[in-house]
1. Find the relative contact order for the chain and round it to a whole percent, using C-alpha pairs within less than 8 Å whose residues are 6+ positions apart.
2. Once the principal axes of the Cα atoms of the stretch 127-236 are found, what is the range along each, listed largest first in whole angstroms?
3. Quick check: pseudo-label points 7 Å beyond the Cα along Cα→Cβ at W149 and E262, how many nm apart are they?
4. Compute a Gaussian network model of the chain, connecting alpha carbons closer than 10 Å, and tell me which residue from P297, P94, P323 fluctuates the most.
5. Summing Lys, Arg as +1 and Asp, Glu as -1, what charge do residues with Cβ under 15 Å from the Cβ of L48 carry, L48 excluded?
6. Under a point spin-label approximation (7 Å from Cα along Cα-to-Cβ), what is the L254-A339 distance to one decimal in nm?
7. Can you tell me the FRET efficiency between A168 and Q9 if r is taken as the Cβ-Cβ distance and R0 is 22 Å, rounded to the nearest 0.05?
8. Can you pull out the GluC sites (Glu not before Pro) in the stretch 113-182 that DSSP calls coil and that have at most 14 other Cβ atoms within 10 Å?
Amino acid sequence: MSPLPTLHQRLGIALPILQAPMAGAQGSALAIAVARAGGLGALPCAMLAPEAMGEELATFRAATSAPLNVNAFCHASPEPDPVAQARWHEALAPFFAEFGLDIDAVPQGAGRRPFDHQACDALEPFRPEVVSFHFGLPEADLLERVKAWGATVLASATTVAEAEWLEASGADAVIVQGLEAGGHRGMFLSEDVTTQMGTLALLPQVREAIDLPLIAAGGVADARGVAAVRALGADAVQVGTALLCCPETTISGLHRRALQSEAARHTALTTLYSGRPARGIVTRLMRELGPMAAVAPAFPLATAAIAPLRAAAEATNSGDFSPLWAGQNASRCRPVPAADVIAELALGV
Ligand SMILES: Cc1cc2nc3c(=O)[nH]c(=O)nc-3n(C[C@H](O)[C@H](O)[C@H](O)COP(=O)(O)O)c2cc1C
């Protein structure tokens, strides 16, 4: 009897290395580079309108016949809450005054879209081989549509309970996201950040609890990290921060410089930039309001009022109000091609 295919064989990739989808930080260029290097490229869709998703997918398909992971968020859109909004604006008012900006002119808008039928319509013609979700899974009818085109479904878990829920709810493999990870925590069963564990603690506990293939994410940046999570039961790794300074990403020069500086040694979870906990380099906004201040409105409503502050500060070359997403291990953030980062990680497979 031939042995069961490994996860990466099932996904159709040479290496058990997945590029983390990073909304707002990359598009098809990074996915193409990683795919050509033998990993699984990813296209984050949370901040893209359906037309833009189609364009990015077409670019990827024209460049390579490798499989693609398309990533979406599945949060519930919050009800408008004028009281919470007023409190948020009040907290930000001194900063608006400092820049001479009008807080009443803040545009309305969510900033990040949950996965819906419109997004599904845009993806379906391309039949992405892998679809991954952050913040749980979409409604059953949407999940069925994705599975009907043959996609392998991945989803992030940040606790043992979330991994068990994903296994019971139809995920094909689980991304185990440790607390070191950059960007948004995928947490969806609890809002209590005391439930969140580092990769070293979480991964073996999830390995004991469920039978699905596991992908370790959070703090993996080099060959030793890959070997370590493989030893703890991971079938593959997902790497984000270590790829952020590659020329194929779309982050600002300011973000790039911060990642390669002493500042990157200071990261924290913050709700201020979106409404949900996410890890980034500590900024003035985080220091002055407190990174987890209760005054931030529900995800994703915090983003709109931060945008004018961010733009005004960035115009003076300051990242004081910018979400400088980064994980705890930025040691490999360098301006080298993504293929080089993948080649280094592959030494630990
Ligand atoms: C800039 C940035 C943006 C991210 N955006 C997403 C996203 O859109 N969807 C998602 O599932 N995960 C997102 N993540 C989290 C990654 O999938 C992954 O969990 C994380 O990068 C792994 O930890 P590491 O950053 O230490 O490698 C993002 C991470 C970063 C650093």
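1. Values: 723 pairs, mean separation 67.6, N = 349.
That works out to 19 percent.
2. Its Cα atoms span 38, 31, 26 Å along the three principal axes.
3. Here the answer is 4.9 nm between the modelled labels.
4. Largest GNM mean-square fluctuation: P94.
5. Working: positive: R112, R113; negative: E51, E55, E56, D116, D121.
My count for the surroundings of L48 gives -3.
6. 3.3 nm
7. Working: r = 25 Å, r/R0 = 1.15.
Once rounded, the FRET efficiency stands at 0.30.
8. The qualifying sites are E139.
Throughout, read-outs are computed from the coordinates displayed, never taken from laboratory work. All values derive from a computational prediction rather than experimental measurement. All Cβ positions, glycine included, derive from the backbone under ideal geometry; neighbour counts span all protein chains shown.
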